[in-house]
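Peer 1: There's a structure below that I have some questions on.
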Amino acid sequence: MSDPVRCAVIGAGHIGRFHADKYARHPSARLVAVVDPSPERAQAVARQHGAEPRAEFAGLVGRVDAVSICAPTPAHYAIARDCIAAGIHVLVEKPIAVTLAEADAMVAAAAAAGTVLQVGHLERFSMAGLGVAAVLDRPAFVDARRLTAFRGRGADVSVVLDLMIHDIDLVAAIAGSPVASVAAVGRRVVSETEDVAAAQLRFQDGTAATLVASRVSPQAERSLRILQASGEIAIDLQARRLTATRASVPGDAPTTIEASQPDADPLGAQIDAFLGCIAGGGRPLVDGTAGRDALATALAVIRSIRSDGAAVPIEKSHA
């Protein structure tokens, strides 16, 4: 039996505490430390799992094999850069970075160092668990909606980077083609940046998508609807339920396919996949390049919103 992967969580906020819990419970991992500039937060999370609370990461080089970066997005690049340089595998929460130059540098550094760089686009694991790939058939159009009430958390960035980026990544995975251009509108409601946004995406293969995100909605919704060659797929990401209609013979009534995973644990699956890539050398389901591409599209959506809805292209790699 191989030794457990020595892990640390950097950032002991809302998301970090869940990462810490998953590592502490995983049979292939050992939670060594929880890092946060707030001693109270670090201690509160570390104490639950018998881990070491720390104010900074530097002293852990050589003592950990992998980290989850759950710090605020502006800190992602510097932390990831230092970890990768020390040969440490990185799972970084979305968005991967603030700028595409930072994202490209992270991807290049991980490739050069031979370390795993995985990005925390959690919904991919919900999709995988529902078996979406098995029912996809040349998608033509995707409608994605992600609506929630105002919680305060995340309101320091646009709703595009807070919420819509989840669906940007999902829709890109469904289309299987690079995004060519976007056009979007958005409005500020309660914060200093966009609280509601709607975007139209065009992919290079002709697939189209409409994405709507709101953090001031009276009714919560996380859904996808896919129109494709053989029928339609409806996915309720809140209930983790899929219903697909598929016509195998023109003129015949379509058959219905259903799948559900109400008790699924996407974060647990994400952590398990990360540890599996470290142990087996596999490629992450959401690697650094996928995280970079989602960021590029999200930034294009924001540029379009702030250009009165003008269609804008996707910025190319800085590598």
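The values are calculated or read from the model by the stated rules, or taken from the named source; none is laboratory data. Keep in mind that this is a model prediction, so the values were computed, not measured. Using ideal geometry, Cβ is built from the backbone for each residue, glycine included, and neighbour counts are taken over all protein chains shown. These accessible areas exclude ligands, DNA and RNA; they are computed on the full protein's heavy atoms, side chains included. Shrake-Rupley method; radii C 1.70, N 1.55, O 1.52, S 1.80 Å.
Peer 1: Of the accessible area of the range 183-296, with the probe set at 1.4 angstrom, what percent is carbon plus sulfur?
Peer 2: Values: 2720 of 5650 Å².
Its accessible area is 48 percent carbon and sulfur atoms.
Peer 1: In the calculated pair distance distribution of the range 1-113, what percentage of Cα-Cα distances lie above 18 Å? Each step should come with its number before you reach the end.
Peer 2: Numbers: 2869 of 6328 pairs.
Taking all Cα-Cα pairs of the range 1-113, the fraction more than 18 Å apart is 45 percent.
Peer 1: Along the principal axes of its C-alpha atoms, what lengths does the chain span, in descending order and rounded to whole Å?
Peer 2: Taking max minus min along each principal axis of the Cα atoms, the chain gives 64, 46, 40 Å.
Peer 1: Also: Answer rounded, prolate or oblate for the range 150-219, using the Cα gyration tensor with square roots of eigenvalues a ≥ b ≥ c: rounded when a/c is under 1.5, else prolate when a/b is larger than b/c, else oblate.
Peer 2: Values: a/c = 2.61, a/b = 2.22, b/c = 1.17.
Judged from the Cα gyration tensor, the range 150-219 comes out prolate (a/c at least 1.5, a/b above b/c).
Peer 1: Follow-up. Treat each spin label as a single point 7 Å out from the Cα along the C-beta direction, and report the Val189 to Ala140 distance in nm.
Peer 2: Placing both labels 7 Å along Cα→Cβ, they lie 3.3 nm apart.
Peer 1: Accessible area per residue of the chain at 1.4 Å probe, in Å²?
Peer 2: Per-residue accessible area for the chain comes out at 45 Å².
Peer 1: Let me ask something else. Hey, any idea what % of the range 9-155's accessible area is carbon plus sulfur with a 1.4 Å probe? Provide the component values of the computation, followed by the final result.
Peer 2: Numbers: 3410 of 6140 Å².
With neighbouring chains kept in place, the figure for the range 9-155 is 56 percent.
Peer 1: At most 16 other Cβ atoms within 10 Å and a DSSP loop assignment: could you name the GluC sites (Glu not before Pro) in the range 47-109 that fit? Working shown, then result.
Peer 2: Numbers: sites: Glu56, Glu93, Glu102; in loops: Glu56.
Taking the range 47-109 and a limit of 16 other Cβ atoms within 10 Å, the loop GluC sites (Glu not before Pro) found are Glu56.
Peer 1: Moving on. Quick one: grab Rg to one decimal and Dmax as a whole number for the range 84-154, Cα atoms only, in Å.
Peer 2: When restricted to the Cα atoms of the range 84-154, Rg and Dmax are 16.5, 44 Å.
Peer 1: Give me the net charge of Ala269's neighbourhood, meaning all other residues with Cβ under 15 Å from the Cβ of Ala269; Lys, Arg count +1, Asp, Glu -1.
Peer 2: Numbers: positive: Lys22, Arg25, Arg124, Arg240; negative: Asp21, Glu123, Asp263, Asp265, Asp272.
Summing Lys and Arg as +1 and Asp and Glu as -1 gives -1.
Peer 1: By how many nm would the segment from Ala247 to Leu267 lengthen if fully extended, with 0.36 nm per residue of separation less the alpha-carbon distance? Please list the in-between numbers first.
Peer 2: On the way: separation 20, 0.36 × 20 = 7.20 nm, distance 3.42 nm.
The Ala247-Leu267 span can extend by a further 3.8 nm.
Peer 1: Would you mind pulling out the separation of the Cα centroids of the range 98-160 and the range 190-264, in Å?
Peer 2: Spelled out, the Cα-based centre of one part sits 16 Å from the other.
Peer 1: What number in nm² do you get for the range 101-199 if you take the convex hull of its Cα atoms and divide its surface by four?
Peer 2: Numbers: hull surface 34.4 nm².
Quarter of the Cα hull surface area: 8.6 nm².
Peer 1: How big is the range 198-319 by the Kirkwood estimate over distinct Cα pairs, in Å? Don't skip to the answer; put the middle values down first.
Peer 2: Details: mean 1/r = 0.0555 Å⁻¹.
Its Kirkwood hydrodynamic radius stands at 18.0 Å.
Peer 1: Using DSSP to define loop residues, name the GluC sites (Glu not before Pro) in the range 120-226 whose beta-carbon has at most 10 other beta-carbon atoms within 10 Å. Intermediate values should be presented prior to the final figure.
Peer 2: Numbers: sites: Glu123, Glu192, Glu194, Glu221; in loops: Glu192, Glu194.
Counting only loop positions with at most 10 other Cβ atoms within 10 Å, the GluC sites (Glu not before Pro) in the range 120-226 are Glu192.
Peer 1: After finding the eigenvalues of the alpha carbon gyration tensor for the range 1-62, what semi-axes result from the square roots of 5 times each, listed largest first in whole Å? The partial results should precede the final answer.
Peer 2: Working: eigenvalues 70, 34, 14 Å².
The equivalent ellipsoid of the range 1-62 has semi-axes of 19, 13, 8 Å.
Peer 1: Could I have the simple spin-label model distance between Glu221 and Arg25, label points 7 Å from Cα toward Cβ, reported in nm to one decimal?
Peer 2: For Glu221 paired with Arg25, the spin-label model returns 3.2 nm.
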